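We did not get these values from a lab; they are worked out from the coordinates using the rules stated. Nothing here was measured: the structure is a model prediction, and the numbers come from that model. So basically every Cβ, Gly included, is an ideal-geometry build from the backbone, and we count neighbours across all protein chains shown.
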Amino acid sequence: MDTKLGIPQKEMKTSVKNLTVLLASEMVLYVKTRKFHWNVAGSSFMEMHKLFEGQYNELEKIIDQVAERVGKLGEKAIGTMDEFNKLSILKECTTYEEKDAMLKELLADYQILITQIRDFIEEVVETNDFGTADFLTGILRKHESQAWILRRYTY
């Protein structure tokens, strides 16, 4: 659908493609973080339980905002687990890890996402979709903060 936002449809498709990959990846990260929240154990159980809860709550907001951004650009957001897993740049965690492995895996995922979001920002700026670039920059800042917190636990 032509949204008449001053961005040619071809360039709009680039933004939607990038946002769709981001949506899928955020959803995989969300599910993984929930799983870790449910299964963390050990001497710092409550601290890790709350840490993961705070992170998945933040991810839930981001997921909703990304899906809505896709809609604002005139497209439909994906919404099945099959689509999320196929399009995500992150992989599900199919094992049950110990706390330290959970932290390291989440940190690695945030680092992957941060790098990819930077690439997406560069790509959408080239199409003059400054709204999406600004939107992605906000998500980038949130993910950098989450990665910083996780890094403090893993070093």
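Among the residues of segment 117-138, those that are surrounded by 14 or more Cβ atoms within 10 Å (Cβ to Cβ) and not in a helix (DSSP H, G or I) comprise T127, D129.
Might you check whether a residue that is buried (at least 16 other Cβ atoms within 10 Å of the Cβ), over 29 Å from I7 (Cβ atoms) and free of Cβ contacts under 8 Å to residues at least 40 places away in the same chain occurs anywhere in segment 96-111? No, segment 96-111 has no match at all.
Against the condition in contact with a helix residue (DSSP H, G or I) (Cβ under 6 Å, 6 or more places away or on another chain), farther than 15 Å from K35 by Cα and without any contact (Cβ under 8 Å) to a residue 24 or more places away in the chain, how does V125 come out, does it pass? Criteria met by V125. Among helices (runs of 4 or more DSSP H) entirely within segment 4-116, having at least 3 residues that are in contact with a strand residue (DSSP E or B) (Cβ under 6 Å, 6 or more places away or on another chain) singles out no element at all.
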